[in-house]
Amino acid sequence: MQAMRRLSHLLLLAVCALVASCIDGREEFWLAGDGSGRAEIRYEVPASLARGCGGEAGLIKLLDEFVRETPTLTNVTRRVTCEGERMVVDFKASFKSALDLIAAVSGDSALSAGNLKPVVEPLIGHFAIRRSGRAVELTRTVRPAKALPGSFFMPASQFDGRRLVYIVHLPLAAAETNATRTEDGGRTLIWDQALQDALKNSVVIHFKAAMPIPWWLIAAAVAALGLLGWLGFRLHARRCGKRRAVTGGGA
């Protein structure tokens, strides 16, 4: 009987700890035709977890280390604030290459270190990218259940209002996607899931789209054609000049 009471007490403590472990997340990306872009990311995590990483100062240090390790990032702003028992992390940045950014967050970095690793890695997820000509196909699989392994103990009411939202703005309309909804003629893709639903199944973010030819490549092609035209004209003029000289000499 005493053992059962202890077990019940432990389970109650576990549930109480998990109640504060709900996560809200919103990620928004704007992609340009040359692969560059910008991002705005906001997550709310339990303050208890953040305190294990040094609180606000520790999280800021973690983000600063990630920025230093990721040269593709520019114009970075980050803010960490505590709102009751919730720690809010806001991160905004531009990036020179989306592929370099994906490689940075997928590999070993400051973000996947310390006590946050079990939470951050599942939320970053796994990326699969295929390129064919100008077409790019991306699939990202996020597993929130791994970030909250004890979530099945929690009552459904604890998930009310908690959501995971992912938004991608493309330069051209997507040829295919599994987005929850699309806007702007198919150029804005939105995946919006209640946290409770996301915990039951992995969140799969998928789209395929053509990337427009960068302006600098078009300018280079125009310049090359202009140069070829000028060279062709000069060569033709030189040949005509030689022919006139030969004809004149023979007369």
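Coordinate-derived values only; no laboratory data. A quick note: this is a predicted structure, and the numbers were derived from the prediction, not measured. Because the Cβ atoms are built from the backbone with ideal geometry, glycine has one as well, and the counts that use them run over all protein chains shown.
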(message) Modelling each spin label as a point 7 Å along the Cα-to-Cβ direction, I'd like the THR74/SER202 distance in nm, to one decimal.
(response) 3.5 nm
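Multiply the residue gap between ARG163 and ARG42 by 0.36 nm, knock off their C-alpha separation, and tell me the result in nm, one decimal place. Show your work: numbers first, answer last.
Details: separation 121, 0.36 × 121 = 43.56 nm, distance 1.17 nm.
Difference between extended and current length: 42.4 nm.
For a 29 Å ceiling on Cα separation, which of these pairs sit above it: LYS61/LYS208; LYS117/LYS200; LYS92/LYS117; LYS146/LYS208?
Working: LYS61/LYS208 36 Å; LYS117/LYS200 21 Å; LYS92/LYS117 21 Å; LYS146/LYS208 27 Å.
Violating the 29 Å Cα-Cα cut-off are LYS61/LYS208.
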(message) If R₀ is 22 angstrom, what is the calculated FRET efficiency for the pair ALA135 and TRP30, using the beta carbon separation as r and rounding to 0.05?
(response) 0.65
(request) Would you mind getting me the FRET efficiency between THR180 and SER94? Use the beta-carbon distance for r and R0 = 30 Å, nearest 0.05. (result) 0.70
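Based only on Cα atoms, what Rg/Rh ratio does segment 67-106 have, Rh being taken as Kirkwood's radius? Mind dumping the intermediate values first?
Working: Rg = 12.5 Å, Rh = 11.4 Å.
On the Cα set of segment 67-106, Rg over Rh gives 1.10.
What full-extension length gain, to one decimal in nm, is calculated for PHE127 and THR81 as 0.36 nm per residue of separation minus the Cα-Cα distance?
Details: separation 46, 0.36 × 46 = 16.56 nm, distance 2.94 nm.
Taking 0.36 nm per residue and subtracting the Cα distance, the gain is 13.6 nm.
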